[in-house]
Amino acid sequence: MTRDHVTLELPKILDLLAEQVSTADAAAAARSLEPSGDYDAVLRLLDETDAAYQLMARFGAPSFGGTESVLNALRRAEAGASLSLRELLHVAAVLQTIRGVKDWRRRCEGVETVLDDRFDTLAPNAFLENAIVTSVVSEEEVADAASAELKEIRRKMRAANTRARDTLDKIIHSPTYQKALQEPIVTIRNGRFVVPVKMEFRSAVPGLVHDTSASGATVFIEPMGAVEANNELRTLALKEQAEIERIIAALSAQVGQFAESLAADYHILTELDLIFGKARLAYQMRAVRPELARDRHLVLRNARHPLLDAKKAVPISLELGGAYDTLVITGPNTGGKTVTLKTVGLLSLMTACGLMPPVGDNSRVPVYGQVLADIGDEQSIEQSLSTFSAHVKNLVRILGTADDTALVLTDELGAGTDPVEGAALAIAVLEQLRSQGACIVATTHYAELKAFALREPGVENGSCEFDVQTLQPTYRLLIGTPGRSNAFAISEKLGMDPCIVDRARTLVSGEARRMEDVVNDLENRRIALEEQLAATKEDRETARRTREEWERLQQTLEKNKDKELEAASAQAARIIERARADAAALMEELNALRKEKQSADFVDRAEQARHRLKARLDEMERRADPVREKKAAPAAPSRPLQVGDDVIIVDLDRPARVLSLPDAEGMVEVQAGVIRTRLSADRLQLQPERKQKQPAGAARSTAESRATRAARSEIDLRGMTSDEAIIETDRFIDAAVMSGLSEVVLIHGKGTGALRTAIGQHLRRHPSVAAFRPGTYGEGETGVTVVTLK
């Protein structure tokens, strides 16, 4: 880790990466990452991070939790040493993680990535894993199932333990020994069962003394009757320990047999943990993979410094190494110049480490051989270095190492000394670095450097925007425009005497004033161009929305046309079928009349039949052209159209509302359902205005005639009470059934929903209704009910 990396805060990014991994070794690997200067190596690292990023997006991340380093344990086991129970459990945890990661990759079917070689290399060892898991219960206990011998030993120990306790229980509960016992309990001393006896009664309980209390008032005696059982327990305990050591040695030997493959798998787990940690960090930073450039052309789009709050940081966009190889950034203090330098350097280093930087789409990052930075105040009292001296010492180091693969970042170049000499030195340093082939981003306050960037090919000005009105920086980076110090404007805003400010302006040299005027003119032109660009974008967006609305309208009209054609075809089929039935009935009646030609009332009956025939023919003719009246030319409106008028689009038979008056071409903007469109005024017809509500008894005195209702497929019930609407609905449905309609529309409006609910409840009980539903998109949605008739 070089001083330049520390200056650009790369260690802080690596600490964030270490927090995203699960194992200690992966965290250590994260903190020790070094940027690579090799294109192929960086491309491979980015491919790995991107593969993990894509897998996480589709299948989630594999679990590496609970994995401890087992490398030392594996080396000891391979050398023949016995491992501790803790180490065996760690080996088992690694084996479980290997199996889990392998199973996770198997579930990610149909996806091939550059990480597959690592996943394929992992070799689960179920035999060794089961052997350890079934034998070791915890860091302090081996399971009975570890071996048949251990199980038998422990069974005998439990039996001997029971016998010893039974013997001692008889003693402590015997009336003979009640006075001699300090307490009627059984305890353990030196691994043997004993009873506490009062010192003065020690001869009353025959046995072996194993201990004495601190006060000397109690002795712990092993009664002679329990000696044999305690001896057996002691012998069995030694056998148990020997068997446990044998089991651990056997398990350790098995681990040693697979030590090499286990170590390789552990290294792969650590690498995968680090790679998926990079992907998790990318998700956290909302980063994307940039294009990796073989040349020196850097393109950053909406780049953010990864250590700043993403919600507050202002993104920057810049290019370097294409049309120009040197960018000189000027502007006021705290305007964001140093943050821009660090952002460019840090994102380049992150990319070289295989990390996705927080940039926008279409960003492009080269692989730099070295990133050199002179940022900050490095003055040192101990080394007798002033601010200027520290900068010069750093610049000497950079000039000595920079080449055509280097990215050089310098902050306040030439500052800390006489402005004239400092500006000259800064220009000389830039010229030398350019001659060495380096790409450079430098910040400064010197007007001489602004002029240098204006006249020198391959050098570009940049500035950090400052709002003089609010006295606050906007943190926007502007390329192509030199920055202004704004010292005079800021002083006036803060209340300094205008006379003093004016006097200061007169003291500025003519060349400096001309330079400031040029910068000011460029700034005004930039603002004007940005306003024009914003207006153009707004117009383009409006045109795009209008085009999309027209496309949606056209699609809706096409759908409605197909529906109308289908409905007309079905209705025509029903008319033909009914006409055929009527014709057959007429033929039967004529045949019957011919047979009764000689009857007395033949003439009267024939006349009646003739009238009935004429009536039926008229009815058939009316049904044969059910849309004749609907398609008639619209009547001239009784008055000119007004905004808010309810109209009918005649050729579509759709209700609409007028949004604007006719223009010079006679076009009117209307709202039909959710669609806004412009139509010719001669395609619109005013809807008849509804009457005011009348008492229930006279509510239908102005209703349409039955013949008029029969020719319509919809009825408007808005403005009626529930009872009025139900009565009118019944009349309308009866007329529709008589007219042969299969589907009608009830318009009740949205409102509070009370009218819709009352009509729905009535339709459920209506004998002529087969089904009903709310309107769909384009039909009126919940403001209408579509009824299917039986």
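The values are calculated or read from the model by the stated rules, or taken from the named source; none is laboratory data. Since the model is a prediction, treat every value here as computed from it, not as a measurement. A quick note on method: Cβ atoms are made from the backbone with ideal geometry, for glycine too, and the neighbour counts reach across all protein chains shown. For accessibility, only protein heavy atoms count, side chains too; no ligands or nucleic acids. Shrake-Rupley method; radii C 1.70, N 1.55, O 1.52, S 1.80 Å.
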At a 1.4 Å probe radius, carbon and sulfur cover how many percent of the accessible area of region 225-333? 51
Treat every Asp and Glu Cβ in region 229-272 as -1 and every Lys and Arg Cβ as +1, leave all other atoms uncharged, and give the resulting dipole magnitude about the Cα centre to the nearest 20 debye. 240
Solvent-accessible heavy-atom area per residue, rounded to whole Å², over region 1-107 at 1.4 Å: 46
Protection proxy ranking, peptides 103-115, 34-46, average beta carbon neighbours within 10 Å, highest first: 34-46, 103-115
Taking a point 7 angstrom from the Cα of ALA217 along the C-beta vector, which residues in region 172-187 have backbone N less than 15 Å away? 180-184
Protection proxy ranking of 85-94, 756-765 - average other beta-carbon atoms within 10 Å, highest first: 85-94, 756-765
Using the Karplus equation 6.51 cos²θ - 1.76 cosθ + 1.60 (θ = phi - 60°), what ³J(HN,Hα) coupling, rounded to whole Hz, does each residue of region 123-134 give in order, writing x for Gly and Pro? 10, x, 10, 5, 4, 5, 4, 5, 4, 6, 5, 6
At 0.36 nm per residue, minus the direct Cα-Cα distance, what do ALA572 and ASN130 gain on full extension? Give it in nm, one decimal, please. 151.3 nm
Dipole size in debye (nearest 20) for region 328-467 around its Cα centre, Lys and Arg Cβ +1, Asp and Glu Cβ -1? 280
Region 176-190 residues near the modelled GLU200 label - backbone nitrogen below 17 Å, point 7 Å along Cα→Cβ: 177-183
So how exposed is MET285, as accessible area in Å² (1.4 Å probe, rounded to 10)? 20
Give, as a single signed number, the net charge of other residues whose beta carbon lies under 14 Å from the beta carbon of ASN190, with Lys and Arg counted +1 and Asp and Glu -1. +1
Using amide H atoms built 1.01 Å from N in the peptide plane, name the residues 5+ places from ARG189, or on other chains, whose amide H lies under 5 Å from its own. VAL194
For labels at ARG540 and VAL396 in the simple 7 Å Cα→Cβ model, what's the distance in nm? 5.3
Looks like region 136-204, by Cα gyration tensor root eigenvalues a ≥ b ≥ c and the a/c under 1.5 rounded cutoff (else prolate when a/b is bigger than b/c, oblate otherwise), is prolate
At R0 = 25 Å, how high is the FRET efficiency between ASP497 and LEU308 if r is their beta carbon distance? Nearest 0.05 is fine. 0.05
What full-extension length gain, to one decimal in nm, is calculated for ARG657 and SER742 as 0.36 nm per residue of separation minus the Cα-Cα distance? 27.8 nm
Assuming a ≥ b ≥ c are the square roots of the Cα gyration tensor eigenvalues, decide whether region 88-204 counts as rounded (a/c under 1.5), prolate (otherwise, with a/b larger than b/c) or oblate. prolate
Amide H neighbours of ALA373 under 5 Å, counting only residues 5+ apart in sequence or on other chains, H built in-plane at 1.01 Å? LEU409
For the pairs LYS102/LYS151; LYS342/LYS450; LYS342/LYS493; LYS12/LYS102, flag any whose C-alpha to C-alpha distance is greater than 26 Å. LYS102/LYS151; LYS342/LYS493; LYS12/LYS102
Once the Cβ-Cβ distance between LYS102 and VAL227 is put in as r, and R0 is 56 Å, what FRET efficiency do you end up with, to the nearest 0.05? 0.45
What order, most packed first, do the peptides 721-732, 559-570, 263-274 have when packing is the mean number of other Cβ atoms within 10 Å of each residue? 263-274, 721-732, 559-570
